[in-house]
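Since the structure comes first, as structure tokens, the remarks are kept for the end.
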Amino acid sequence: MTREVVVTGMGMTTPLGGDVASTWSALLAGTSGISTITEEWVLEQPCHIAGFMAVDPTEVLDRVETRRMDRSQQAALVAAREAWADAGAPEMDLDRLGTVIATGIGGVTSLLNAHDTLRERGASRISPHLVTMIMPNGPAAIVGLELGARAGVHTPVSACASGAEAISYAARMIQEGRADVVVAGGTEAVICDLTMAGFAAMRALSTRNDDPQTASRPYDVDRDGFVMGEGAGVVVLESREHAKARGATIHGVYGGAGLTSDGHHIAQPDPEGRGASRAILAAISDAGLTPADIVHINAHATSTPQGDIAEFVAIRAALGSDADSTVVTGTKSMTGHLLGGAGAIESIFTILTIRDRVVPPTANLTNMDPAIDLDVATSPRPLPAGDIAALNNSFGFGGHDVALVFRSN
Amino acid sequence: MSQQDILEGLAAIVNEVAGVPVEDVQLDKAFVDDLDIDSLSMVEVVMAAEDKWGVKIPDEEVKNLRTVGDAVTFISANS
């Protein structure tokens, strides 16, 4: 009998708000966090739009802290502090506290700035903080140091599935008895000329530059790519017994995870969605549930022409006719795609959806792609009372498939 | 450049790099023991001082700069 894992804290900073409450209310209102990039370099590039954090972390964090951290680390720290406070900042044996914070790409903007310094001013002017600013495990390490966590600090990396993989890894630490509490999530902040050029070269980005707020439109026939976002999401996972013993508020229950790989292509989804459907079924099975129990899916739904179809095929393959009674949403329509942060913020959205019994809408879905047969919410949709469960899908370049299940009790 | 000017400039650098209040940066204070400047922050202090006063502070010299006063004396003598 593995130990049960519950969610006792949540924190985030996103293009919709600097915390969970403001992001969630903007999401339910169908608000877009996407805007035009005002820097000159965009004029050389096909994509001019992105979702910047609504509250810049440098406005929240101490000045000395920020100068030693990459922007992705700053976002993770902001989200982790909110999550930890939300969990009641438990006094605990720190040997039993872990952190698992993922990133898809790491401190790329710090690397590029340092490269400019190297070229312009020489090696002697490189910051002694550069290495810890660019290492992918930096966000996990910074959060771990902040809290004094000593059960382990980990950083799974699986591109846009990283945030979800981090949560599954954290839950496993608790289930296996390595930790009682794990602070887990994902972060990303790589909106800059080089990364945008790279994703644009893959033809992965939307170029709906004249109307940024409608550019991310999952499931719509006119979708033309994803919109890059930045930010972080962090949850506090805890064994139920530990949470109960200290009287913590339980926001939701971690059900289980399914992790597979496509074995198909480095960047294209398997058109038959085989890896993704196996991940979904594995997550449902890990949660001790059946497809009929899933009332809601927070889909990966990046708004790319191929990706949304492949995920639909996977959902249908996994759930069969039970997909008819599942309300699907694509929240990237409002937040943009936070890459390594996506699975984390969307896990929090899934937990909030179950807690508040309301599915946030998919914005900008005006003409449903006729090839996609799913019940997609275009306005907030109520969920039934009683015991319910929901799924969060995340997929990443490299062929990573991660599905997480959360439950109401 | 008076010693007082250098002290004030150094205090501003230490404040920028490590958040130590300017008024705490006094000649008799040790960087590590009193001001809690770790080795990485010390590298930043040295870099900023080199830029500000056009001095070269070699690594083998940095270990002799135990106190703020040691640094002020070195910069004063070499700038």
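Since every read-out is calculated from the coordinates, none of them should be taken as a lab result. Everything quoted here is computed from the prediction, not taken from an experiment. In this analysis, Cβ positions are derived from the backbone assuming ideal geometry, glycine residues included, and neighbour counts consider all displayed protein chains.
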Selection from A:Ile266, B:Val68, B:Ala12, by position along the positive dipole direction of the protein assembly as shown (Cβ): A:Ile266
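What average number of partner chain Cβ atoms lie no more than 10 Å from the Cβ of the residues making up B:42-49?
Working: counts 1, 4, 5, 0, 2, 6, 0, 0.
Counting other chains' Cβ atoms within 10 Å and averaging over B:42-49 gives 2.
Using +1 on the beta carbon of Lys and Arg, -1 on that of Asp and Glu, and nothing else charged, what's the dipole of the protein assembly as shown about the Cα centre, debye to 20?
On the way: 33 positive and 64 negative charges, 209 e Å.
Roughly 1000 debye, rounded to the nearest 20.
What does the structure give for A:244-253 when I average, per residue, the other chain Cβ atoms found within 10 Å of the residue Cβ? Working shown, then result.
Numbers: counts 0, 0, 0, 0, 0, 0, 0, 0, 0, 0.
Per-residue shielding by partner chains comes out at 0.
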Among A:Gly177, A:Gly11, A:Gly256: highest mean-square fluctuation, GNM of chain A, C-alpha pairs under 10 Å: A:Gly177
Across the protein assembly as shown, how many lysine pairs separated by 8 or more positions, or lying on different chains, have Cα atoms within less than 26 Å? 4
So what's the gap between the Cα centers of segment A:197-233 and segment A:265-282, to the nearest angstrom? 21
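Order these peptides, A:99-111, A:136-148, A:193-205, A:225-237, by their mean beta-carbon neighbour count within 10 angstrom, highest first.
Values: A:99-111: 26.6, A:136-148: 22.0, A:193-205: 16.4, A:225-237: 30.9.
The most tightly packed comes first, giving A:225-237, A:99-111, A:136-148, A:193-205.
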Residue separation times 0.36 nm, minus the C-alpha to C-alpha distance between A:Arg125 and A:Ala21: what's the value? 33.3 nm
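Given +1 on the Cβ of Lys and Arg, -1 on the Cβ of Asp and Glu, and no further charges, what dipole in debye does segment A:1-96 carry about its Cα centre, rounded to the nearest 20? Each step should come with its number before you reach the end.
Working: 7 positive and 15 negative charges, 18 e Å.
Taking the Cα centre of segment A:1-96 as origin, the dipole is about 80 debye.
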Distance (nanometres) between label positions extended 7 Å along Cα→Cβ at B:Gln26 and A:His115: 4.8
Please list the non-local residues whose amide H lies under 5 Å from the amide H of A:Ala102, H modeled 1.01 Å from N, same-chain partners needing a gap of 5 or more. A:Gly185, A:Gly186, A:Thr187
How high is the relative contact order of segment A:257-407, in percent, counting Cα pairs under 8 Å that sit 6 or more residues apart? 35
Note to self: C-alpha centroids of segment A:108-128 and segment A:9-65 sit apart, in Å, by 26
Estimated distance in nm for a label pair at A:Asp193 and B:Ser79, the labels positioned 7 Å out from Cα along Cα-to-Cβ: 3.5
Students often check this: by mean Cβ neighbours within 10 Å, which of A:319-330, A:159-170 ranks highest, and how do the rest follow? A:159-170, A:319-330
When ranked by the protection proxy of mean other Cβ atoms within 10 Å per residue, highest first, what sequence do the peptides A:344-357, A:112-125, A:83-96 form? A:344-357, A:83-96, A:112-125
Separation between the A:Val64 and B:Glu60 pseudo-spin-labels, each 7 Å from Cα along Cα→Cβ, expressed in nm? 3.2
Tell me the relative contact order for chain A as a rounded percent, counting alpha carbon contacts under 8 Å between residues six or more apart. 23
In terms of the charge dipole of segment A:97-204, which places +1 on Lys and Arg and -1 on Asp and Glu at the beta carbon, the residue among A:Gly198, A:Val157, A:His115 farthest towards the positive end is A:His115
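To the nearest 0.05, how large is the calculated FRET efficiency for A:Thr249 and A:Thr366 if R₀ is 35 Å and r is the Cβ-Cβ distance?
On the way: r = 39 Å, r/R0 = 1.11.
The formula returns an efficiency of 0.35 here.
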To the nearest 20 Debye, how big is the dipole of chain B about its Cα centre, given +1 on the beta carbon of each Lys and Arg and -1 on that of each Asp and Glu? 220
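Could you grab the relative contact order for segment B:3-78? Cα pairs under 8 Å, six or more apart, rounded to a whole percent. Mind showing how you got there, number by number?
Working: 72 pairs, mean separation 29.2, N = 76.
Computed value for segment B:3-78: 38 percent relative contact order.
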